[in-house]
Amino acid sequence: MISARELTAYVSLAAVLAFIFSCGTPHGAWRAWTFDTDIEGDSRAKDGNPAFEIEKIPDFGRYRPLRILSEEEFPLDTSDRRVIIVGDIHGMWKPFRQLLSKVDYASTSDVLVHAGDFLAKGPHHHSMAILNYMTINNITGVRGNHDQHVVEWRGWINWVSSSKEGLDWLKRTEHHWKVLHGNHPADSRGLDDDLDDFVQSQKDKAPSKDRRWWKLIPAGWKFLSGQYRIAREMSEEQYEYLLQLPTALYVPSAHAFVVHAGILPSDPNYPYYDASRQPLAHIPDVFPSITEKDRLCRGSKFRCTNQLRQAQEMSILTDVPQNRRPWVLMNMRGVKNGKVFRQYRGVFWAKLWNRDMKRCVGYNGELASLDSDDEESEGKPKAHNLPCYPSTVVYGHSASRGLSIKRWTMGLDSGCVYGRKITALVMGGSRSKHTLEGDGDSPPFLGVDDVDEAGSSSEDDEEDDAEYDFVDGFDDHADDSEDSSSHRPASADTLLKKRKKKKKDGDNVPFGGHHRATIVSVKCH
């Protein structure tokens with residue numbers, strides 16, 4: 001049973017985490033946008049309503065940094081409950097329903113989790129149906145970058161609509177678009193160019209009273225897009241559901257994270273083994289006194305180790321500066337020269353995660369591999385062992401990679417919106433089927449066979465070792481930067497084909513140290 005002192009420590013740690021995240025996100029500025037400074041707001045109240053204060057820019061982002069799930073909320077060791085994690089849905093309502101049917105989802109006992117980007121890109125009315133389903137059933141999940149755009153648009157719409165003149169302008173502009181294109185969202189296939197032309201023409205011929213509103217659209221935001229339309233039509237209850245979605249889920253009992261894009265295990269600007277900077281390079285100091293440490297560790301070595309592990313895992317979110325930026329958790333793909341990119345540049349982030357997890361040897365070196373690769377013999381610097389235990393990340397976002405199951409990272413975006421598949425991981429339900437045998441009062445021993453089964457062989461790593469300076473059309477805005485001239489080298493296709501055992505529907509794979517997960521996929525038409 002947890003003592004009062006332990007409970008206080010956990011509460012304090014959660015409070016510190018929330019404070020650190022919130023301090024780094026003023027005005028939701030993760031999507032850069034600018035305003036002209038020559039705009040004047042309403043000078044006085046009209047028809048009894050408060051004046052529109054243009055200088056007071058609201059927080060459109062409304063980020064919630066973290067939600068910690070208990071064993072009850074993420075049950076892996078019960079015979080009658082399961083955890084089902086679904087990858088990117090992108091408004092594909094019918095395949096989503098087929099997937100739930102295939103896994104025989106029971107809403108009264110199973111826990112359904114989505115990895116973000118369940119909205120937009122697919123048919124508009126299907127996005128609205130999925131949003132309604134998620135809201136009514138209060139489904140656990142994280143925000144994806146598309147979901148975030150919807151949140152931001154709703155905040156902006158609410159702001160502009162607080163002025164009667166602003167609301168009238170929105171209605172007039174929306175009406176003009178509908179006259180030309182009916183009820184199709186402005187980012188429907190084939191309408192992107194029409195939208196650009198429409199917006200430009202509306203700006204050019206706008207009377208002076210309307211120009212001020214056009215100037216309030218943040219740079220880089222696509223006015224009248226499918227995301228805008230979802231934001232415009234969703235109910236207040238649905239908006240509140242999106243607002244309560246965090247950028248990350250952390251499951252202490254499973255030593256696992258769920259995010260949309262990814263998490264970095266260390267700050268790439270410094271050596272991964274720098275104990276003064278990297279959370280996995282040193283054992284955390286969480287005990288208030290030596291006496292308290294001796295008391296806990298004497299009673300149960302596993303409980304002592306587990307408390308240290310959870311503190312260290314939390315510090316990945318708090319002490320790695322990139323992970324304190326919501327934009328990173330929702331958009332990251334590549335890492336190059338210490339910088340995070342939305343594009344596939346440098347090294348894919350999951351490669352870095354699996355690299356560091358492989359170097360975790362426990363707090364007493366008990367997980368040191370008996371046949372670890374001799375990196376010195378290959379002309380590489382000798383690897384430094386890390387005093388940590390591996391943890392797992394489940395993510396989406398990277399459709400071009402498809403289903404990507406590694407030992408400690410599980411990518412579930414299998415490109416449903418592009419006509420490929422929608423995928424879920426199913427865990428729990430039957431302990432004999434979904435768990436690995438092990439001593440329940442000691443940390444798991446992660447044997448070589450387990451690692452190989454998950455595809456972390458040297459051959460499988462060839463594709464991850466490659467530089468990712470290319471653009472893939474399956475990933476939205478993969479080239480939306482000032483340096484978008486990079487192209488996919490001819491050798492990339494060859495590398496993609498070298499993946500050793502591509503995981504597929506029905507495969508059973510390790511999840512964390514003790515458990516197993518079944519991959520379930522449905523084709524999207």
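The values are calculated or read from the model by the stated rules, or taken from the named source; none is laboratory data. Keep in mind it's a predicted model, so treat the numbers as computed, not measured. Here the Cβ is made from the backbone with ideal geometry for all residues, glycine too, and neighbour counts use every protein chain on show.
Check the stretch 326-338 and report whether any residue there is in a loop (DSSP other than H, G, I, E, B) and buried (at least 23 other Cβ atoms within 10 Å of the Cβ). Show your work before the answer.
Start the filter on the stretch 326-338 by keeping residues that are in a loop (DSSP other than H, G, I, E, B), which leaves 332-333, 337-338.
Next, only the ones that are buried (at least 23 other Cβ atoms within 10 Å of the Cβ) stay: 332-333.
Checked the stretch 326-338: at least one residue is in a loop (DSSP other than H, G, I, E, B) and buried (at least 23 other Cβ atoms within 10 Å of the Cβ).
Identify, from the list SER414, SER398, SER391, SER404, the residue that is over 23 Å from TYR272 (Cβ atoms) and of a type in the set (S, T, N, Q). Outline the logic, then answer.
Values: SER398 fails: over 23 Å from TYR272 (Cβ atoms); SER391 fails: over 23 Å from TYR272 (Cβ atoms); SER404 fails: over 23 Å from TYR272 (Cβ atoms).
Testing whether each residue is over 23 Å from TYR272 (Cβ atoms) and of a type in the set (S, T, N, Q) leaves just SER414.
Which residue pairs have Cβ atoms under 7 Å apart, sit 6 or more places apart or on different chains, and have a first residue in the stretch 204-217 that is within 17 Å of TRP159 (Cα to Cα) and a second that is assigned to a loop (DSSP other than H, G, I, E, B) and among the aliphatic types (A, V, I, L, M)?
ARG212/ILE39; TRP214/ALA206; LYS215/ILE39
Residue by residue, here is whether (1) within 24 Å of HIS255 (Cα to Cα); (2) without any contact (Cβ under 8 Å) to a residue 40 or more places away in the chain holds:
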{"residue": "PHE74", "(1), (2)": "yes, no"}
{"residue": "HIS90", "(1), (2)": "no, no"}
{"residue": "MET128", "(1), (2)": "no, no"}
{"residue": "LEU131", "(1), (2)": "no, no"}
{"residue": "MET134", "(1), (2)": "no, no"}
{"residue": "ILE139", "(1), (2)": "yes, yes"}
{"residue": "VAL142", "(1), (2)": "yes, no"}
{"residue": "ASN145", "(1), (2)": "no, no"}
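Can you name the residue in the stretch 210-235 that is under 22 Å from LYS121 (Cα atoms) and among the charged types (D, E, K, R) and is also surrounded by the fewest Cβ atoms within 10 Å (Cβ to Cβ) among such residues? Show your work before the answer.
If we filter the stretch 210-235 for residues that are under 22 Å from LYS121 (Cα atoms), which is where we start, we get 217-235.
Narrowing further to those that are among the charged types (D, E, K, R): 222, 229, 232-233.
Working: LYS222: 17, ARG229: 24, ARG232: 15, GLU233: 13.
Only one residue fits best here, namely GLU233.
Residues checked against (1) outside any loop (DSSP other than H, G, I, E, B); (2) modelled with pLDDT of 95 or more; (3) over 30 Å from CYS304 (Cα atoms):
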position	(1), (2), (3)
LEU216	no, no, yes
GLY220	no, no, yes
LEU224	no, no, yes
LEU242	yes, yes, yes
TYR250	yes, yes, no
PHE257	yes, yes, no
GLY262	no, yes, no
ASP267	no, yes, no
